[in-house]
Every structure is written in C-alpha cells, then in structure tokens.
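Quick notes on the structure that follows.
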Amino acid sequence: MMRERHLNMIILALLVLVPAYALWADEPFTITLATRAVIFALAGVGLNLALGQGGLVSFGHAAYFGMGGYAMGILASHAQSYTPIMESPFLIEGTNSMPVIWLVAIITSALLALLIGALSLRTSGVYFIMVTLAFGQMFYYFTISWPAYGGEDGLSIYVRNQFPGLNTLDPIQFYGICFVILCLVLFLVNRLNKSPFGLALMGAHQNEERAVTVGINVNRLRLVAFVISGAITGLAGALFADLNRFVSPTMFSWQISGEIMIFIILGGVARLFGPVVGAALFILLEHVLGGLSEYWFVYLGAILLFVVLFAKGGIIGQLSKKESGHEG
Amino acid sequence: MDLLLLIEQILNGLQFGVMLFLMAAGLTLIFGVMGLINLAHGSLFMIGAFAAAAVAGWTGSFLLALIASLAAAAMVGALVEITVIRRLYDREHLDQVLATFALILIFSEGTRWIFGSFPLFLDIPAWLKGTISLPGGIQYSLYRLTIIGIGLVVAVGLFLLISKTRVGMRIRAGENDREMIGALGVDISALYTLVFALGAALAGLSGALVGAIQSVEVGMGEPVLILAFVVIVIGGIGSIKGALAGAILVGLTDTLGRTLLPVIFGAFMEPSAATTVGSALASMLIYILMAGVLIFRPTGLFGRA
C-alpha cells in the first residue's frame, strides 16, 4: 500500500520505460499500443474533469472525440488534395501541420461542448445521462448521412501530419508527442483541480445547495468545466485520428463514450491518474484477452461489473486505500 | 407529393412510434418505480428478437415465436434483476450506467458466441403478409398495421394495469414512497422483480415484432435504446402517458422528416444537393426536437417538475 502520489510517479515511469524497452527490443507494435493507451488516457482525463470532479455523468463524450478526429480529417484531406475548404467570403485552406490541427480540434470541440453543455445542463441526474448520449448519437448519424467527407466509409489520410523538427511517422517520435501532451494536460488539470475553480466545482458536486448558498454560480461553473472537458477529449480525438490516419463515424459511436467512461472507472473516479491507469489496463486487456478469445468483451463486461459492484475506487483506489484514508 | 404516399408515411411513423413506445414504457416504468437507469434494456430487445427467430426457425409458428420472445426476455430480465440489478438500486446513477453497460457487453458478445455474427431472419407469417385496403383506397402493409394494433392494445393494457389493478396500485405506491409500502407489508423485492420482468417482456416483444421487418442481429438493441431515451426525455420520465406521446411524436418526426425534408429542400435547391442536405438534416431532426423540448420544458412534456 502506498500513497497515491508515489503511485502516480510509478505510472509515469512505466509510460517512459515500456516504450523505451519496446524501442530497444525493436517491437514497434508495442509502441503503437502504448500510443493508443496514452491517447485514450488523454480522452479519459478530459471526461474525468466533468465526470469525476464535476459529477456530470456525460455519456456523450464520443461527440468531442469524433469532432477532434474530423477536425484532423477534414483539414488534412483538403491539404492532401490541394483544395481549399472554402473560398468565400474568405479563403480557408487545409493544413497538415499538427499544432494548427490541434488548435482547430480544441476550438471546435469546445464550441460543440458549449452548445451541448448549455442544453444538457438544463437537466440533471438521469436526464443528463440520456440527453448527452442522444446528442452524441446525433453526430454519429449526421456523419453517416453527410457524404462530403466519406460518409459511412470514413476518410483516409495517407501521410501522418507534420510537427516541426520531428519525423511523425516514426512510432517512438509520435509516441513522444502524445506523451508530452498527456503530461502537460495532467499538469494543467492538476492545477485546475487545486484552483478556486476546481475546488468550487468539487464543492458543487458534493453539495450543490451549499455551493449555491455561498454565492457560487453552479451552472456557469459546470458549463466551463464541461467545455474544458470536451476540448481535452477533442484533442485526444485529433491525435487518435492521426495515429490511425483514418477517421470514420465510429469515432462518434456510443461505444466510444462508454469506453472512455470505462477507463475512468477501471482506474478510479476523480483521481488524476485514474484514466491513465484505466486506459493502459484497457489496452492490456484488449491485447491479452483479445488474443485468447474473439469474444473478449464478455470478460471485459464481467471485470467491469465486478469493479462497479465490489471494488469502488478502481485500481488506484485499491492500491492506495490505506494511506489516503479520507474515504473511510 | 402524393397524398396517399403521405398517409402511408404517417402510418409508418405511427408503427415506428408504437415500437419505440414498447421500449420506452419499460424503461420509464423501471425508472419511475426503482429509480434505475437501465442501459441493458436494448439487450432485452435483442434477446426477444433472437428468441423469436430461433423458435420460429424450429416450429415455424409466429405466435409461438412471439410468446417465446415475451418469455425469454421476461426470464432473462428477472434473472438479471435478482443477480445484478438489485444491488444497484441504492447506488449512484454512474454505477447503474456502468453496471448495465457491462451487461450490454456480456449479452452482446454472449449472443454472438451462441448465434454467430451473421444476422438471422424472422419471416412475416403468411396470414399477415401482403397489404390491406384502407378507406380512401390506401394499400398498407397488414403486418405493420398489426404492430400498430398490438402497440395500442399494450398501451391500453398498461394503463388499465397501473390505474385499475392491485398490482398497479402497488406500483404507483412504490413510485411515491417505497419505504412506506415496504412497511405496510408489501414484498418490495418481489414487486421490483415483477416490474423489471414486465419491462423486459415489453422490450422483448418489441424486438420480435421489429425482427420480422429488419434483420435480427447483435447490436440491434442499442440504437433503439437511445431513441427510447430521446422519447423519455421528450415525454417526461416516469410517465407512461409521456412515453406514448413522446414515442408517437418521435416516430412521426423521424419518418416524415426523412420523406419530406428532401422534397422541401428540393423546392429551392438542385435535386442532388437537396437530397444530401435533406437527409442529413432528417437524421438530426429528432435530436433537434429533443433540444427544443429541453429549452422550453426541461422536465419533458408530461414530466413532474
């Protein structure tokens, strides 16, 4: 049993050591798996801000994941075919520069989260879950029926987008980019959680009436958290699309929303590194169980059911239970 | 647009709505009485469809297939309630969502394991095949009309069950104050299992009825489940009347949107663009309807504030 902070250090060390070992042993597939884990972790960190800190059970985060993915897909496909996205009233061209794509992914998914959040936050509890799920599904059907960007078949991007000074097609360099982004976002989210904003958000989660009584505008607070949460998940979507060099409506599907939620639960709700552990475990299970049986989702379901029913606090909760000690 | 075609589309919308009602009624009842959000309701829909397809394959009887769908879904529902769901009533919604999501994974992959990945087919029986002439010279599918009929009969039956019978009285009492009716000597856990099995049976029936129009495959339940959520958000949670109104509204909006929007856009756009924009917008129409209801009545049309 150990402190959560020490555990987090070990997790970070593993995220450096495992790909380093894979590089040494010349196993690029392991590096790709690790990249998937890091990107999923980033999506989970995004959702965890709304779900863990804010208590907003969003079952529609695939909307932002997909939005980020399509931001990359649309920009890169126009750059690939040398056609502008629009010419009037002003010219917008495609791009294959990662930083620009990330910025667009963050802004578009934040705007989308603002719209969906403003509508969904009029409700609470079960309504909120159902409404966010439904809005996520809306974009799934929209991308299927909109033929301009591949419709149901999705969009392929032939060359990975560029980052100044790096060769992004080299698996370890792309992993490095994703890992650094994850660390930056973890740092920022940690600061945010400890800021007055984060404390107020947590307070409103634990006791809404009390937060309102001390003069906190709970709705605005939650909307801001929801928008930041969506923006982070959108960034993860853009990276995921770049990893696969492919986007399709599947990125918007409700299963993705469910999986992002699974990362958080497996790792531990409202714990900074919860989604990181959860995503890594998910990828590991997918790899190990998926090798054992074609029907590995049955086992995943059983594990998830067990964690929900009997192991509250997820992996981090189990490993650091004794010394964190505040939860009784 | 042709008036006859329009009427046919309205009937199609009604049929779709009635099917959504069978799903939404169970969900809303389970939420109203037990306070549980059940994502696995779509799996029960799928189980009903598979049970019907399997029994129809063995016996060739459509009636037996329908009975099998009711029985299988109710049995699986009761079993799941006793083993898993019962532990979730006092938990947060997040736990309920995750545990029932886990059940979806188990049921979907389990079904794939047993029946394989290829879709099954459930045939419309000979005595329900073909069309029927309605007043005004409209030819309409007898089977779809039958679904509308069954749905309305179930709606009336549910309404009578809840407002006129002893069980219904207990269900209503359970919605209002579950501790009190427990204290009055009603076996709450048996009541909960019963309500859950009833909701499951309705979902199973819905799956079997739809299975004869579409193919029966793994994953068929979840899109319907999400539409049923839209229905409940529009109708108001916990209200059977709201579920009926919401389901008909969603069914009509979706079906008519898909037919009419491309025509409407065609009036001022070139045909191919009109089809694209029209069908893309039609796929979003019910969610826009839901957003509208959320803006003006966040608790739904029949919801309690």
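The values are calculated or read from the model by the stated rules, or taken from the named source; none is laboratory data. These figures come from a predicted structure and were not determined experimentally. Ideal geometry is used to build each Cβ from the backbone, glycine not excepted, and the neighbour counts take in all protein chains shown. Accessible surface is based on the protein model in full, side chains and every heavy atom, while ligands, DNA and RNA are left aside. Shrake-Rupley method; radii C 1.70, N 1.55, O 1.52, S 1.80 Å.
Are any of the residues in the range B:134-143 under 20 Å from the mean Cα position of the chain (by Cα) and in a helix (DSSP H, G or I)? Give the derivation first.
Start the filter on the range B:134-143 by keeping residues that are under 20 Å from the mean Cα position of the chain (by Cα), which leaves B:143.
Now drop any that are not in a helix (DSSP H, G or I), which leaves B:143.
Within the range B:134-143, one or more residues are under 20 Å from the mean Cα position of the chain (by Cα) and in a helix (DSSP H, G or I).
Check the range B:199-217 and report whether any residue there is buried (at least 23 other Cβ atoms within 10 Å of the Cβ) and farther than 22 Å from residue B:144 by Cβ.
Checking the range B:199-217: at least one residue is buried (at least 23 other Cβ atoms within 10 Å of the Cβ) and farther than 22 Å from residue B:144 by Cβ.
Would you list the helices (runs of 4 or more DSSP H) that sit entirely within the range A:211-328 and hold 3 or more residues that are surrounded by fewer than 22 Cβ atoms within 10 Å (Cβ to Cβ) and of a type in the set (A, V, I, L, M, F, W, C)?
Numbers: elements: A:218-244, A:254-267, A:274-292, A:296-310, A:314-319, A:321-324.
Filter on the range A:211-328 gives A:218-244, A:274-292, A:296-310.
Which pairs do you get when a residue that is free of Cβ contacts under 8 Å to residues at least 40 places away in the same chain and within 14 Å of another protein chain (Cβ to nearest Cβ), found in the range B:17-39, comes within reach of a residue that is of a type in the set (D, E, K, R) and open to solvent by less than 10 Å² (accessible area, probe 1.4 Å), reach meaning Cβ atoms under 7 angstrom, with the pair 6+ apart or on two chains?
Close Cβ pairs (under 7 Å, with a partner that is of a type in the set (D, E, K, R) and open to solvent by less than 10 Å² (accessible area, probe 1.4 Å)) do not exist here.
Restricting the first residue to the range B:279-293 and requiring it to be more than 7 Å from every other protein chain (Cβ to nearest Cβ) and touching a residue at least 24 places away in the same chain (Cβ under 8 Å), which pairs with a second residue that is in a helix (DSSP H, G or I) and open to solvent by 10 Å² or more (accessible area, probe 1.4 Å) meet a Cβ separation below 7 Å and a spacing of at least six or different chains?
Pairs that qualify, where the first residue is more than 7 Å from every other protein chain (Cβ to nearest Cβ) and touching a residue at least 24 places away in the same chain (Cβ under 8 Å) and the partner is in a helix (DSSP H, G or I) and open to solvent by 10 Å² or more (accessible area, probe 1.4 Å), are B:281/B:261; B:282/B:258; B:282/B:261; B:285/B:253; B:285/B:254; B:286/B:253; B:286/B:254; B:289/B:253.
If a residue has to be crowded, with 16+ Cβ neighbours inside 10 Å, farther than 22 Å from residue A:58 by Cα and among the small types (Gly, Ala, Ser) to count, how many in the range B:79-126 make the cut?
Looking only at that region, the number is 2.
Would you say residue A:106 is closer than 18 Å to residue A:223 by Cα, within 7 Å of another protein chain (Cβ to nearest Cβ) and either in contact (Cβ under 8 Å) with a residue 40 or more places away in the chain or of a type outside the set (S, T, N, Q) (or both)?
Working: closer than 18 Å to residue A:223 by Cα: yes; within 7 Å of another protein chain (Cβ to nearest Cβ): no; either in contact (Cβ under 8 Å) with a residue 40 or more places away in the chain or of a type outside the set (S, T, N, Q) (or both): yes.
Judged against the criteria, residue A:106 is not a match.
Filtering the range A:134-162 down to residues that are within 25 Å of residue A:30 (Cβ to Cβ) and open to solvent by less than 60 Å² (accessible area, probe 1.4 Å), which residue is farthest from the other protein chains (Cβ to nearest Cβ)?
A:160
Could you pull out the residue among B:250, B:293 that is β-branched (Val, Ile, Thr), within 23 Å of residue B:44 (Cα to Cα) and either assigned to a helix (DSSP H, G or I) or at pLDDT 90 or above (or both)?
On the way: B:293 fails: within 23 Å of residue B:44 (Cα to Cα).
Step by step, each of B:250, B:293 is checked, and only B:250 is β-branched (Val, Ile, Thr), within 23 Å of residue B:44 (Cα to Cα) and either assigned to a helix (DSSP H, G or I) or at pLDDT 90 or above (or both).
For every residue, the table says whether it meets (1) within 19 Å of residue B:223 (Cα to Cα); (2) touching a Cys at 6+ places or on another chain (Cβ under 8 Å); (3) part of a helix (DSSP H, G or I).
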position: A:132; (1), (2), (3): yes, no, yes
position: A:135; (1), (2), (3): yes, no, yes
position: A:140; (1), (2), (3): yes, no, yes
position: A:143; (1), (2), (3): yes, no, yes
position: A:148; (1), (2), (3): no, no, yes
position: A:152; (1), (2), (3): yes, no, yes
position: A:159; (1), (2), (3): no, no, no
position: A:169; (1), (2), (3): no, no, no
position: A:172; (1), (2), (3): no, no, yes
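Please go through the range A:99-126 and pick out each residue that is farther than 13 Å from residue A:237 by Cβ and crowded, with 24+ Cβ neighbours inside 10 Å.
Residues satisfying the conditions are A:116, A:117, A:120.
Name the pairs whose Cβ atoms lie under 6 Å apart, with the first residue in the range A:165-181 and closer than 15 Å to residue A:23 by Cβ, the second aliphatic (A, V, I, L, M) and modelled with pLDDT under 90, and 6 or more positions between them or separate chains?
Pairs that qualify, where the first residue is closer than 15 Å to residue A:23 by Cβ and the partner is aliphatic (A, V, I, L, M) and modelled with pLDDT under 90, are A:172/A:23; A:173/A:166.
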